[in-house]
1. Which whole-Hz couplings ³J(HN,Hα) result when phi for each residue of segment 54-62 is put into the Karplus expression 6.51 cos²θ - 1.76 cosθ + 1.60, θ = phi - 60°, listed in order with x for Gly and Pro?
2. Among the listed pairs Lys7/Lys177; Lys130/Lys177; Lys42/Lys323; Lys7/Lys107; Lys42/Lys130; Lys59/Lys323, which are separated by more than 31 Å between their Cα atoms?
3. Of all DSSP beta bridges in segment 4-226, what percent run antiparallel (nearest 5)?
4. Can you pull the percent of segment 218-313's accessible area that's carbon plus sulfur, 1.4 Å probe, other chains left in place?
5. What is the sum of charges, Lys and Arg at +1 and Asp and Glu at -1, for the other residues whose Cβ falls under 15 Å from the Cβ of Phe303?
6. What's the ranking of 304-315, 101-112 by average number of surrounding C-beta atoms within 10 Å, highest first?
7. Add -39500 (n - 2.57) for each DSSP H run of 4 or more in the chain, then divide by its residues: what number comes out at 222 nm, to the nearest 500 deg cm²/dmol?
8. Going by amide H atoms built from the backbone, whose H comes under 5 Å of the H on Met22, apart from near neighbours?
Amino acid sequence: MSAIHLKNLTKSFGDFAALKTMDLEIADGEFMALLGPSGCGKSTTMNMIAGMEEPTSGKILFGERDMAGVPMGRRGVGFVFQNYAIFTHMSVRQNLAYGPRMRGAAKAEIDRRVCAIAEMLQLTPLLDRKADRLSVNILQRVAIGRSAIMEPAIFLLDEPLSNVDAAFRAVMRTELKQLQRQFRQTMVYVTHDQLEAMTMADRIAVMDHGVLQQVGTPLEVYNNPANVFVARFIGAPGMNLLRGRPAESDRGLVVDLGPLGVTPPLPDGLASTVRAMRGDVLYGFRPEQVTLAERGLSMRVSFVERIGARTIVHLGEGEGAVKAVFENDVGLSVGQTAVVAPPASSVRVFDATTGVSVKAG
Ligand code: ATP
């Protein structure tokens, strides 16, 4: 069994708690991304799964088996780092063959596996090239191949694409996903790049400051963020969050956003939970879901970012600023006033004190 279970896992370096708490179950054959900003504890978690670091407390189980005291070499994990570790004096073929050769595999078997992995990673034409003459992009591909050829039941990748260029990264995202589909390993993938996590992972574990914030499918964390950290971190740009006070109106429960006016009524389920709360809320909506409307929030355009296929329009300022994503030819320019509205069904509400998402009743 190559399911991974992290139970109450913590890690401190002296007085500093790098991982404050982590409870996570990764299913056999699942692609799990650990996603979060720099320093949130992703690599620390990964290093403990690999056996490179000892947990301060808690357990790591592979299937039913407790990994406490089991050295890295006996865990059956393949590991690929940000900085490829390959032998530059060897050819690509020799690099790929290295692991199976060390394990004493027969030559025919090694040849078969090298050819298969080279084909999958588009390395076949480069098999006899010396590694020291290859680009960073290709070296990272060789590093992935060298680990993958061992067919580990658990494959750990720590920011493997952060040094490769953008075009190549897009190709590698597809290849890594195919690799995992083919071998069906349990894959844990550390990244701070949400695009990598969103495009490849079955589920994403979002982390911040050594704490797991939410675990869910890419769409779950995008559509229903558990708290304001996830709401802001997922999405490019992140979710708009406007502070306001719930208020009754003749149309239903609205949120009074002060100088910005009042929002359209909240959907019934959400309104009934918000009615039972005290204090301010954060009214959240995705920039991609904003439309230009007859009635809505009237806001001054402060900046227009044209990014090719789409245009990001910055509206308002300070705490009341929001972003809206429109088609590239949207006819808005700086200084104009735009009336914008998010569809009611896509609105999310958060408790302004705790930052936790408010669920519809
Ligand atoms: P990055 O993408 O920048 O590597 P990360 O989310 O992977 O970020 P970690 O490398 O897990 O973060 O580090 C989490 C925190 O623990 C950081 O503040 C880091 O400085 C600290 N840390 C990591 N390893 C050690 C160590 N050996 N000694 C002291 N502090 C450490």
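The values are calculated or read from the model by the stated rules, or taken from the named source; none is laboratory data. In this text, all values refer to a predicted model and were calculated from it rather than measured experimentally. Methodologically, a virtual Cβ is constructed for each residue, glycine included, from the backbone with ideal geometry; neighbour enumeration extends over all protein chains shown. For the accessible areas, the whole protein counts, side chains as well, though only heavy atoms, and no ligand, DNA or RNA atoms are used. Shrake-Rupley method; radii C 1.70, N 1.55, O 1.52, S 1.80 Å.
1. With coefficients 6.51, -1.76 and 1.60, one gets 8, x, 6, 8, x, 10, 10, 10, 9 Hz.
2. Cα-Cα > 31 Å for Lys7/Lys107; Lys42/Lys130; Lys59/Lys323; rest within.
3. The antiparallel proportion sits near 50 percent.
4. Carbon with sulfur: 53 percent of the solvent-accessible area.
5. That sum, taken over residues with Cβ under 15 Å, equals +2.
6. Those peptides, ordered most packed to least, come out 304-315, 101-112.
7. -7500 deg cm²/dmol
8. Asn8, Leu9
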